[in-house]
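Enquirer: Quick one: the structure is below, questions incoming.
FYI, it's all coordinate maths here, none of it is from the lab. Given the structure is predicted, the values throughout are model-derived calculations rather than measurements. Please note: Cβ atoms are built from the backbone with ideal geometry, for glycine as well, and neighbour counts cover all protein chains shown.
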Amino acid sequence: DAKTTQPTSMDCAEGRAANLPCNHSTISGNEYVYWYRQIHSQGPQYIIHGLKNNETNEMASLIITEDRKSSTLILPHATLRDTAVYYCIVEKAGGSYIPTFGRGTSLIVHP
Amino acid sequence: GAVVSQHPSWVICKSGTSVKIECRSLDFQATTMFWYRQFPKQSLMLMATSNEGSKATYEQGVEKDKFLINHASLTLSTLTVTSAHPEDSSFYICSAQTGPGSPLHFGNGTRLTVT
C-alpha cells in the first residue's frame, strides 16, 4: 500500500476553515484515499474517502489533485470539538489490505 | 449506522491474570475485524486481522499465544490478553469492516492497566 506523509501539527481559529494536507505520491490507480480522526482517548472516526473526484459529506470535503499524488481534507467551519489527530491513509478497493496508520496531523482549533 | 461497541471501556487487572475485550458490530455484519494497540502519544499499531470463522493473522512481533483472538460470528470478535504484565498496559482498539476496502468503523477503545 502507498505511504502517506502529513504535517505533524496544525492549528486553526474556531469558525475558520481547516485545510489538512496529505501527500501520497506513490498511490496506485486502484487505491482510495481515506481520512479518519481520533479525538483524545477515543477510537478513531471515519470522515470521508475518495478515489479521484472531490467528495463532500456532512463532516468535510476532500480535494484530490488531478495526479492523485496529494489531497486536502477541508473542515469548512472548524469548531473546538474538531481538535483531534487526523489520519490520511490509502487502501485498495476490493481485495484484502492491511490498514496502517502513520502519525497523522494533530489539529488544534483555538478560540 | 455502522456502530461498533467495545467493552469494557477500561479495566484494571493484576499481573498474571487474563482480560477479555469484546468488539461487536451493532448494526452491520463485519467480515473483517482489526485489533490495534496504541501507546501514549503514538499512532495505532495493528496487532492482528480477524476474519469470521478463521484464525486471526497476527502482525510480526505480536505473540498469538498471548493475545488470543476469536471471531466466532459476523458481529463479534474478542481479544484476550493472557497472563497480563504491566508492559501490556495500553489502549486497545478494534475496528470492523463490512467488506474489503470499505471504511473502518472503530470501537471506543479499552484502556487496560496491569498492576
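Enquirer: Can you name the number of the only condition in (1) under 23 Å from residue B:109 (Cα atoms); (2) more than 14 Å from chain B (Cβ to nearest Cβ) that residue A:101 fails?
Expert: Result: residue A:101 passes all but (2).
Enquirer: Now, a different point. Having 1 or more residues that are farther than 16 Å from residue B:104 by Cα and hydrophobic (A, V, I, L, M, F, W, C) is the bar; report the strands (runs of 3 or more DSSP E) wholly within region A:1-51 that clear it.
Expert: In region A:1-51, the matching strands (runs of 3 or more DSSP E) lie at A:9-13, A:18-23.
Enquirer: Which residue is nearest to residue A:36 (Cα to Cα), if the candidates are limited to region B:65-109 and must be assigned to a loop (DSSP other than H, G, I, E, B) and hydroxyl-bearing (Ser, Thr, Tyr)?
Expert: Checking each candidate, the answer is B:102.
Enquirer: Just one of the numbered conditions (1) touching a Ser or Thr at 6+ places or on another chain (Cβ under 6 Å); (2) of a type outside the set (Lys, Arg); (3) within 19 Å of residue A:24 (Cβ to Cβ) is not true of residue A:73; which one?
Expert: Of the numbered conditions (1) touching a Ser or Thr at 6+ places or on another chain (Cβ under 6 Å); (2) of a type outside the set (Lys, Arg); (3) within 19 Å of residue A:24 (Cβ to Cβ), the odd one out for residue A:73 is (1).
Enquirer: Among A:31, A:14, which is of a type in the set (Asp, Glu), touching a residue at least 60 places away in the same chain (Cβ under 8 Å) and in contact with a Lys or Arg (Cβ under 8 Å, 6 or more places away or on another chain)?
Expert: A:31
Enquirer: Take the conditions in contact with a Pro (Cβ under 7 Å, 6 or more places away or on another chain), surrounded by 14 or more Cβ atoms within 10 Å (Cβ to Cβ), within 14 Å of another protein chain (Cβ to nearest Cβ) and among the hydroxyl-bearing types (Ser, Thr, Tyr) and apply them to residue A:46. Does it pass?
Expert: yes
Enquirer: Can you list the strands (runs of 3 or more DSSP E) lying wholly within region B:5-53 that have 2 or more residues being away from every other protein chain (no Cβ under 13 Å) and farther than 21 Å from residue B:99 by Cβ?
Expert: Working: elements: B:10-13, B:19-25, B:32-38, B:45-51.
Where strands (runs of 3 or more DSSP E) fall fully within region B:5-53 and carry at least 2 residues being away from every other protein chain (no Cβ under 13 Å) and farther than 21 Å from residue B:99 by Cβ, they are B:10-13, B:19-25.
Enquirer: Quick test for you: out of B:58, B:92, pick the one residue that is in contact with a Lys or Arg (Cβ under 6 Å, 6 or more places away or on another chain) and either without any contact (Cβ under 8 Å) to a residue 12 or more places away in the chain or farther than 29 Å from residue A:84 by Cα (or both). If you could, list the steps in order and put the result at the bottom.
Expert: On the way: B:92 fails: either without any contact (Cβ under 8 Å) to a residue 12 or more places away in the chain or farther than 29 Å from residue A:84 by Cα (or both).
Of the residues listed, the single one that is in contact with a Lys or Arg (Cβ under 6 Å, 6 or more places away or on another chain) and either without any contact (Cβ under 8 Å) to a residue 12 or more places away in the chain or farther than 29 Å from residue A:84 by Cα (or both) is B:58.
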